[in-house]
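This report refers to the structure that appears directly beneath it.
Taken together, the values in this text are just the output of simple stated rules run on the coordinates, not laboratory data. The structure presented is a predicted model; accordingly, all values stated were derived computationally and were not measured. Every residue, glycine as well, gets a Cβ built from its backbone with ideal geometry; the counts of neighbours run over all protein chains shown.
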Ligand SMILES: [Zn+2]
């Protein structure tokens with residue numbers, strides 16, 4: 001979920017882990033119409049042999065599932081972004097400048113400067129178990145936890161477990177992880193870890209930052225939030241980022257993927273999955289996509305251990 005101004009003065013965009021949920025397969029219909037993906041992540045897998053053959057082919061080319069997945073998701077992202085640009089034909093220079101600035105911010109950012117984890121002081125925010133876990137996971141992705149601003153909330157009325165946020169302050173990217181202590185710690189340790197990996201993937205992919213850049217561009221050209229949120233491609237871009245965070249978190253290992261799927265099931269027991277969201281695919285859709293990825297991961301594991 002992308003939300004403006006949740007922290008302070010409307011400068012932050014946040015992506016909710018599992019906030020409001022909906023069913024909306026538009027993004028993948030779009031992708032399928034453009035290019036047949038090699039990984040059938042968004043339609044049910046009918047032929048197990050095709051999964052094994054695909055993984056074999058990839059291994060033979062010296063690639064692995066994580067790489068292949070990332071490449072395909074990036075192609076999909078570019079297609080949706082291109083459609084969004086066509087839907088809002090500002091001057092080519094305006095889009096170019098925005099995307100160049102996004103690239104510059106990313107390149108000059110200090111997110112991936114892994115440093116050893118310092119011992120935390122007792123009684124500080126870093127000593128809270130959910131924060132401790134998040135910090136350990138950040139280090140495992142080569143991210144220095146010192147560059148992450150942790151925000152803790154305790155809101156049982158908020159269905160979200162965690163949010164990732166990025167904004168620009170003094171020409172530099174600021175990163176945030178906001179944890180809802182009324183929800184996250186109530187999940188099993190495995191689900192908590194999977195949800196945190198999902199949020200970390202949003203940071204790694206700079207999802208909140210690209211949303212921030214695009215929304216600023218729209219605002220500059222007098223395009224209202226109502227107008228851009230009413231656009232299929234803008235919503236598709238947001239939903240794509242959710243799938244991408246799920247799948248990239250899950251590709252870590254089968255246990256993470258299964259924990260995320262369990263998290264979706266638990267969420268569906270508590271909240272209505274039929275309410276449409278502008279930002280998130282439904283839990284059912286997310287579950288299906290991760291479930292399909294698991295079939296590929298199993299095929300890869302079998303080939304490696306055979
Ligand atoms: Zn998310």
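Assorted remarks:
- Classification of segment 128-203 by its C-alpha gyration tensor yields an oblate form. The axis ratio a/c (a ≥ b ≥ c) is 1.5 or more, and b/c is at least a/b.
- Spin-label model distance (nm) - residue 44 vs residue 224, 7 Å beyond Cα toward Cβ: 4.3 nm
- Between the beta carbons of residue 82 and residue 117, assuming R0 = 35 Å, the FRET efficiency works out to 0.30 to the nearest 0.05.
- Potential lengthening between residue 182 and residue 142 on full extension [0.36 nm per residue; Cα-Cα distance subtracted]: 11.6 nm
- Ordered by the count of other Cβ atoms within 10 Å of each Cβ, fewest first, 95, 229 give 229, 95.
- Of 112, 234, the sequence from fewest to most neighbouring Cβ atoms within 10 angstrom is 112, 234.
- Here the Gaussian network model covers the chain, with springs between Cα atoms less than 10 Å apart; of 186, 47, 205, 47 fluctuates the most.
- Structure remark: mean-square fluctuation, Gaussian network model of the chain, C-alpha springs under 10 Å; the largest value among 188, 124, 98 belongs to 124.
- Taking segment 2-305 and dividing mean pair separation by its residue count, relative contact order in percent (alpha carbons under 8 Å, at least six apart): 30 percent
- Gain on full stretching of the segment that runs from residue 149 to residue 262 - 0.36 nm per residue minus C-alpha separation: 37.9 nm
- Whether the chain is rounded, prolate or oblate, judged on the alpha carbon gyration tensor where a/c under 1.5 counts as rounded: rounded
- Sorting 210, 304 from the fewest to the most surrounding beta carbons within 10 angstrom yields 304, 210.
- Summed over qualifying helices (DSSP H, 4 residues or more, each -39500 (n - 2.57)) and divided by its residue number, the chain shows a 222 nm mean residue ellipticity of -18000 deg cm²/dmol.
- When the Cα gyration tensor is reduced to axis lengths a ≥ b ≥ c, the ratio a/c is 1.5 or higher for segment 42-127, and with a/b not above b/c it is classed as oblate.
- Choice from 40, 245, 194 showing the highest fluctuation, given a GNM over the chain with Cα pairs closer than 10 Å: 40
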